[in-house]
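These notes are about the structure you will find just below.
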Amino acid sequence: MITLTGVSKLYRTTDLETTALNEVNIQIGHGEFVAIMGPSGCGKSTLLNIVGLIDSPTSGRYLLDGEDIGRYGEDQLTDVRMNNVGFIFQNFNLIDDLTVQENVELPLVYQNMARAARRSRVREVLELVGLQPRARHKPTQLSGGQQQRVAVARAVVCDPKLIVADEPTGNLDTKNGEDVMDMLATLNEQGATIVMVTHSPSHAGRAHRLINLLDGRVVPSLRAAI
Amino acid sequence: MLWHYLGTALHNLRRHRLATLTHILGLALGLSCFVLSFTFIESLREGEPNLPNADRTFVLTQDLLIHNAAKVIPASPYVTLAAYDYLRADFPQLEAVARAMPAGLLGNGGRMSITSGDKGGFVHDLFVDPAFLKTFHLKVLAGDANDPFKGGTGAVITERAALRIFGTRDVLGRRVLFSSKYPAVITAVIADVAQPSHLGDSDRAILQFDFLTPMDVKLLGPEAVGDWTSPATFIYLVLPANGSLSVAALRASLKTFGERHMPASTGHSNFDVVPVSQVRRIMMDRQVVDTGFSIVTSLYTLDALVLIVACFNYANLATALALRRAREIALRKIVGAKRRQLVLQCLIEAGLVGVLALIVAVAMTLALIPLFNVMFTQALRPTAFVHARMWVFLAGLIFSVVMLAGVYPAWTLSRLQPVRALRATSSRTGAGRYIPRALIGLQFMATGFLVIMLLVVQGQNHLMRAALVGIARNPTLVVTTPISDTPVDMRTLRARLLESPAVESVTTTGTVPWSGGCCWVFIVSHSQDPAAKAIQSAGNRIGVDYFQTVGLKLLAGRTFRPDSGDEITTDDFSGKRTLNVVIDQELARQLGYASPAAALNASLFRQPYLPRLPLRVIGVVESAANRLTDEVGSRSDLYLFTPKYADFTIIRFRADQVGEAVAHLEKTWKALAPGVPLERSFMDQRFEDAYATFGTVSALATALTVCAFIIALMGLFGMAVQVTNGRLREIGVRKTLGAKSRRIFTLLLLDFSKPVVLANLIAWPFATLAARAYLGMFFTPMHLSPLVYLAGLASTVVIATAVVCGQSWRAARAQPAEVLRYE
């Protein structure tokens, strides 16, 4: 599904150049559950952003289902992202001013889906994450675990092929963290490809495969690299 | 999708109530200035809404140039009487050609005395052709509707004048005496002219009238009727309803009208026509158009500046607010929002604010109209809002405001990179750091411009009012009843007035001081050759003891003496003898004389009229500040001793004997001219009346500047809040490293002052151009000193600094531990 070949990402300032990713080569197949691990600043989030199409590499190729998306313009990328990718963030990134229902509905609004169909689909996914009774609440009225479940609902509402999760359990307690991991596992079993950044070895253990990053490079294993 | 945008927009506005209120009030203030001006200009445009054939009725215009290319008179609806017969001959297709000419002396604002038995007063009379009544569909309430001027002695009176003078509408057949000389019989009573119109009996009317009397060519004399260089009448042309003569064809033919009929020796005129509905606007503009300064354009320019300040302010505050939503926008992008959708979202928010601001602005305008009418002696009506033009204008205005104020935040937000927005601790990067400052700078540039213009307007007004000191030192009364309206001989009146010890001196003049339309345009040259260099001056007709009475010092030579052959009569304009004149030191300087004495006995010729009058300078007096504006295109004066044509009396009296002087005047007048109403005024009051217009301009400039300043200060304050909040962490770090609150406070103030100072400096050249154009119209313009600019800069900086002081001090006193922990 995803093929990254020689992907690098550089951040430049007037007198400093930082390499976030250095010649990364990765392949992720359909239905895979991949965990990315590594120390802070190793490029995990950068890699995840590139995989999730919200950032672009400085060099290298990115094939998504065989399509070279490096040639795509901003609007095309937005379309691909809207139809194929769902995001889950560590800090939830819900819009505080919108209700739970409106937050989940937002991707469907930008897909120009009819209002009735939108509402029906939102109800469906909120029931899936067990938050339908909280549909009219604001995110600030929910617990961290509930907020992350809203974020999961928002990520899956468009039925994406790929879900990228950036430390989805990082701000949660153990119980809520496990609940979220259960949800991701369920989604994966239903066919979604999942790429997750995590610091937790136990959560990484639930993935099919582990990608270790160090100083912007993929390394065989952390222990081996150190 | 649209509902989603609207819902989001409403939600955002509700969430940021204070900011929304600030946006709406700022924009509404700018919009209301603009809407009020538009209503005012629309009221001028309304022209003649009650005239059925307004679309076919035009007014002739004429300008006058002399051979050496000086434009003596700019294009105006006041045209020569001589054109009338040629128009009728050249354009037989015209449905009507009608003249209307103020019958009163121009030197007294066209007013003349009227008596009828024991009734009397002062009225405005128009000499008109019979076609005038039909052209303007004046409704005859009583009397002869078909031929009220039959026999040449008929007079038509307005209903309001009849009630004012006679106390009744039943006035048909009454005999009246204009200027104690010209008899007439009232043959018709007409309804007052429906307003708005350029005709009527109010001070706002261009052709003011209470009476209409027939255009009497014999009375005016063949010289006046054949004179192409004395524009004194309006000529109305009504195009045929059948379209046999179009406006375009008429205008094309008028282009050569002057060449075809005007004697080449008198100069050259361009003729044209303007729709009758445009007369009010044109005459309003003409008050200052001679200097290239148009009231309508100036008003729009000033309003546009205020509106631009409001738009920049809105754009800046909206962007600052929007950047606080950077995370939300980034998330919207991540979940699928495209750039154009975000742009649309921002524009809809801007549009919503714009529409709300417009509603507030319209409400403010409606509330301000009565105040505007009082301040500027106007008669604006709120009904202007029901006109389709107004709504089209408002729609266009709001679209422009939305585009101007909404595009920048939309552009900024749509360019946000989601990754950066989610990760960054501050979204103020690159252009985002400078553009708000640039927008604040632009606001203060417009404000700096307005502040300098305000100082110039105030400075000029102060200078003009300085003339009042001189007037107060020489207390004088002016009798505005023309002596020619009385059976009294000037010498007798003068002698009787001087009998009182309260009266110091008495003189006469051809024009009432401070009345506007001051004097003749007098062009003099050292040579008879029409191509020779000529100097334009103001020709003043004066009587005995003029200089002594008005307090002008003699610098060289002598003043006029009745027994020295100085007196000029009508016959002397044949050019057979050399006329003695007195000039002021400014004219002597313009003629090239090194000193007043050097100009004595200089030989001059009056141009461009034939015959070229030979003149001899017998005296030079100091220059007088006797008019506010440069009405005749000259700051110099030339005096002619014409006691027989100097109709208005000026009496100088002792400052401590005002009551005695007035009582003596009234007693003397009653004895010498019983039945002729006495109209008199104090010179300082006349000055105040003449000055009132400039007081109004000053009030207008002050109001607009204050509006712009308030809006710009709101923007600056908004920026101060945004910048200080954004720099709290930096302030915390600086304080941790040892910076004191006072030092950080100074740093912040200097930072905020920079765009204000820079903007003011950039505004200076534009303000200089505008100030020069404005000052150009005054008789005595103020000196545009660097102090004006420095005062403008200092006041702007001080006020701006005061506004951001509190916010800066609050930020400077932030506790490092707190801001670093929470940042």
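Just so it is clear, none of the values below were taken in a lab; they were calculated from the coordinates. It should be emphasised that the depicted structure is a prediction, and the values quoted were computed from it without experimental measurement. Don't worry about glycine lacking a Cβ; one is built from the backbone with ideal geometry, like all the others, and counts go over all protein chains shown.
May I ask you to derive the FRET efficiency for A:Met1 and B:Leu10 from their Cβ-Cβ distance with R0 = 56 Å, giving the value to the nearest 0.05? Walk me through the intermediate numbers first.
Values: r = 41 Å, r/R0 = 0.74.
The computed FRET efficiency comes out at 0.85.
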Computed ³J(HN,Hα) along region A:126-140: with the Karplus parameters 6.51/-1.76/1.60, θ = phi - 60°, integer Hz and x for glycine or proline, the list is 5, 5, 4, 9, x, 10, 4, x, 9, 4, 9, 7, 8, x, 5
Chymotrypsin sites (Phe, Trp or Tyr not before Pro) within region B:76-145: DSSP coil, no more than 10 neighbouring Cβ in 10 Å: none
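What is chain B's relative contact order, in percent, from Cα pairs under 8 angstrom and six or more apart in sequence?
Value for chain B: 16 percent.
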Summing -39500 (n - 2.57) over every DSSP H run of at least 4 residues in chain B and dividing by its residue count gives a helix-only mean residue ellipticity at 222 nm, to the nearest 500 deg cm²/dmol, of -16500 deg cm²/dmol
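Using the beta-carbon distance between A:Thr186 and A:Asp15 and R0 = 35 Å, what value does 1/(1 + (r/R0)^6) give for FRET efficiency, to the nearest 0.05? Kindly include the intermediate steps, with their values, before the conclusion.
Working: r = 49 Å, r/R0 = 1.40.
My answer for the efficiency is 0.10.
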Surface/4 estimate of mean projected area, convex hull on alpha-carbon atoms of the protein assembly as shown, nm²: 56.6
Length added when fully stretched, B:Arg473-B:Gln378, from 0.36 nm per residue minus Cα-Cα: 30.8 nm
Skipping prolines and chain starts, which residues have an amide H placed within reach, meaning under 5 Å, of the one on A:Phe89, given they are 5 or more residues away or on another chain? A:Asp166
Rounded to whole Hz and in sequence order, give me ³J(HN,Hα) for region A:151-162 from the Karplus expression 6.51 cos²θ - 1.76 cosθ + 1.60, θ = phi - 60°, writing x for Gly and Pro. 4, 5, 4, 5, 5, 9, 4, 8, 6, x, 7, 10
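Which order do B:Glu259, B:Glu679 fall in if you start with the one that has the fewest other Cβ atoms within 10 Å? Don't jump to the answer; show the numbers that get you there.
On the way: B:Glu259 12, B:Glu679 16.
Taking fewest neighbouring Cβ atoms as first place, the list is B:Glu259, B:Glu679.
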Under 5 Å between amide H atoms, partner at least 5 residues away or on a different chain: which partners does B:Ala82 have, H built in plane at 1.01 Å? B:Asp227
Go ahead and set up a Gaussian network model of chain A, Cα springs under 10 Å, then flag whichever of A:Thr174, A:Thr99, A:Thr46 fluctuates most. A:Thr174
Dipole of the protein assembly as shown (Lys/Arg Cβ +1, Asp/Glu Cβ -1, origin at the Cα centre): which of A:Val197, B:Leu455, B:Tyr78 lies farthest to the positive side? A:Val197
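Assuming 0.36 nm per residue, please report the length gained on full extension of the stretch B:Thr578 to B:Val185 beyond their Cα-Cα distance. Walk me through the numbers before you get to the answer.
Numbers: separation 393, 0.36 × 393 = 141.48 nm, distance 4.41 nm.
Stretched fully, the B:Thr578-B:Val185 segment lengthens by 137.1 nm.
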Quick check on chain A: helices-only [θ] at 222 nm, where DSSP H runs of length 4 and up contribute -39,500 (n - 2.57) each and the sum goes over total residues. Nearest 500, please. -10500 deg cm²/dmol
Where does helix B:658-672 land angle-wise versus the long Cα axis of chain B, in degrees 0 to 90, nearest 10? 40
Cβ-based charge dipole, the protein assembly as shown, positive-most Cα from B:Met777, B:Val402, B:Pro418: B:Pro418
Least to most buried among B:Ile157, B:Ile24, B:Ile235, B:Ile359 (fewest other Cβ within 10 Å first): B:Ile359, B:Ile24, B:Ile235, B:Ile157
Need one number: nm distance between label points at B:Lys533 and B:Thr746, each 7 Å from Cα along Cα→Cβ, rounded to one decimal. 5.8
Could you tell me the largest-minus-smallest coordinate of the C-alpha atoms of region B:508-628 on each of the three principal axes, in descending order and whole angstroms? 36, 33, 32
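How big is the charge dipole of chain B about its Cα centre, in debye rounded to the nearest 20, if each Lys and Arg gets +1 on its Cβ and each Asp and Glu gets -1 on its Cβ? Walk me through the intermediate numbers first.
Values: 80 positive and 58 negative charges, 1013 e Å.
For this selection, approximately 4860 debye.
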For B:Lys119, put the label point 7 Å out on the Cα→Cβ axis and report which residues of region B:149-165 keep their amide N under 17 Å from it. B:154-165
Which one of B:Val279, B:Val756, B:Gly200 has its Cα pushed farthest toward the positive end of the charge dipole of the protein assembly as shown, where Lys and Arg give +1 and Asp and Glu give -1 at the Cβ? B:Val756
Show the residues, 5+ positions off or on another chain, whose built amide H is closer than 5 Å to the amide H of A:Phe33. A:Ile194, A:His208, A:Arg209
Using 0.36 nm per residue, how much length does the chain from B:Ala131 to B:Asn146 gain when fully extended, once their Cα-Cα distance is taken away? 4.4 nm
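Take B:Leu51, A:Leu210, B:Leu665 and order them by how many other Cβ atoms sit within 10 Å, fewest up front. Mind dumping the intermediate values first?
Values: B:Leu51 19, A:Leu210 15, B:Leu665 24.
With the sparsest Cβ surroundings first, the list reads A:Leu210, B:Leu51, B:Leu665.
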Of the residues A:Ala135, A:Ala153, A:Ala116, which exhibits the maximal mean-square fluctuation in a Gaussian network model of chain A defined by a 10 Å Cα contact cut-off? A:Ala116
Report the FRET efficiency, 1/(1 + (r/R0)^6), for B:Ile359 and B:Leu2, where r is their Cβ-Cβ distance and R0 is 22 Å, rounded to 0.05. 0.60
